[in-house]
Amino acid sequence: MKAVITGATKGIGRAITNIFFDNGFDVAICARTTADLEAFQTELKAKNANQEVMIQTVDMSKKAEVKAFAKAINEKWGAIDVLINNAGVFMPCNLADAANEDAFETMMDTNLYSAYYMTQVLLPKMIEQKSGDIFNICSIASIMPYGAYAVSKHAMLGFSRVLRDEVKDKGIRVCAVMPGATLTASWDGVEMPKERFMTPEDIANSVWSIYALSKHTVVEEIILRPQLGDI
Ligand code: NAP
């Protein structure tokens, strides 16, 4: 079984990679920092040298790099079983301020278009094999205003809903995962007790539980929030 996880060296992507690897999957992972990818690859191979860990340095905000990664996976593996569109970035900014134009474009490229291009390249072979799971890591910001970031995450939820509708009769399940505050590097510098946050492992366990349901059932959308509410 083969899983692809984008933005996989830290946080939620790393926890999801660990859980799929621990359940016997070969994994293909990417991030921008090669040294982090190599270190994580070594860590995973130490757990089980027989499973494949394909790594590629990719900036997911760059269309050509995203497509090259997905094509490399197609060439190496053919059809995959699970695609986790996780890579994403939060940049605090408002829509009204023109100075934020670059940040807004970076968030749209990283949080939305990366998932679109990954899916576009990898989906045809999943359709051919008539099975596959796609998890789109959205956010609580997919359903509430949270700066310009929320635009990209609302769009990601729309992407998930449309994709789900397009492939529901093709054996492909699509799930939009909407976590609230989760303790990762994204929150570096924010002074809050760690108990206020969810853990990346809780998000990963939820994804795994959803994946493990029988193929008769799809969880289309899931909202996870810290017990004490949003931050
Ligand atoms: P994180 O801890 O900051 O980790 C991000 C991962 O993605 C790292 O491996 C990072 O490695 C990689 N990455 C970042 N930008 C990239 C790019 N342009 N190209 C390729 N890889 C990139 O992030 P996280 O908090 O786990 O967030 C993961 C996803 O969950 C995101 O989509 C985020 O929007 C969403 N989310 C997070 C929270 C939260 O509270 N943490 C809540 C809701 C939704 P490099 O830096 O080396 O590239």
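The values are calculated or read from the model by the stated rules, or taken from the named source; none is laboratory data. Computed from a predicted structure; not experimentally measured. Counting neighbours? That spans all protein chains shown, and the Cβs are built from the backbone with ideal geometry, glycine included. Heavy atoms of the whole protein, side chains included, go into the accessibility calculation; ligands, DNA and RNA do not. Shrake-Rupley method; radii C 1.70, N 1.55, O 1.52, S 1.80 Å.
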### Task
Answer with yes or no whether Val58 is buried (at least 17 other Cβ atoms within 10 Å of the Cβ), modelled with pLDDT of 95 or more and closer than 17 Å to Asp81 by Cβ.
no
### Query
For Gln120, which of the numbered conditions (1) within 16 Å of the ligand (Cβ to nearest atom); (2) within 23 Å of Arg32 (Cβ to Cβ); (3) in a helix (DSSP H, G or I) fails to hold?
(1)
### Message
Cβ contacts < 6 Å: first residue without any contact (Cβ under 8 Å) to a residue 40 or more places away in the chain, restricted to the stretch 122-148; second residue assigned to a strand (DSSP E or B), any location; separation 6+ or different chain. Result?
### Response
Ser142/Met178
### Message
Any residue that is among the aliphatic types (A, V, I, L, M), modelled with pLDDT of 95 or more, within 19 Å of the chain's Cα centre (by Cα) and open to solvent by less than 30 Å² (accessible area, probe 1.4 Å) - is there at least one of those in the stretch 84-97?
### Response
yes
### Query
Limited to the stretch 126-152, what total is found for residues that are within 12 Å of the ligand (Cβ to nearest atom), in a helix (DSSP H, G or I) and open to solvent by 10 Å² or more (accessible area, probe 1.4 Å)?
2
### Task
Give the stretch 171-191 a look and list any residue that's within 11 Å of the ligand (Cβ to nearest atom) and either on the phi > 0 side of the Ramachandran plot or part of a loop (DSSP other than H, G, I, E, B) (or both), or say none.
Gly180, Ala181, Leu183, Thr184, Asp188, Val190
### Task
Confirm whether Pro179 is in contact with a strand residue (DSSP E or B) (Cβ under 7 Å, 6 or more places away or on another chain) and more than 26 Å from Asp165 (Cβ to Cβ).
no
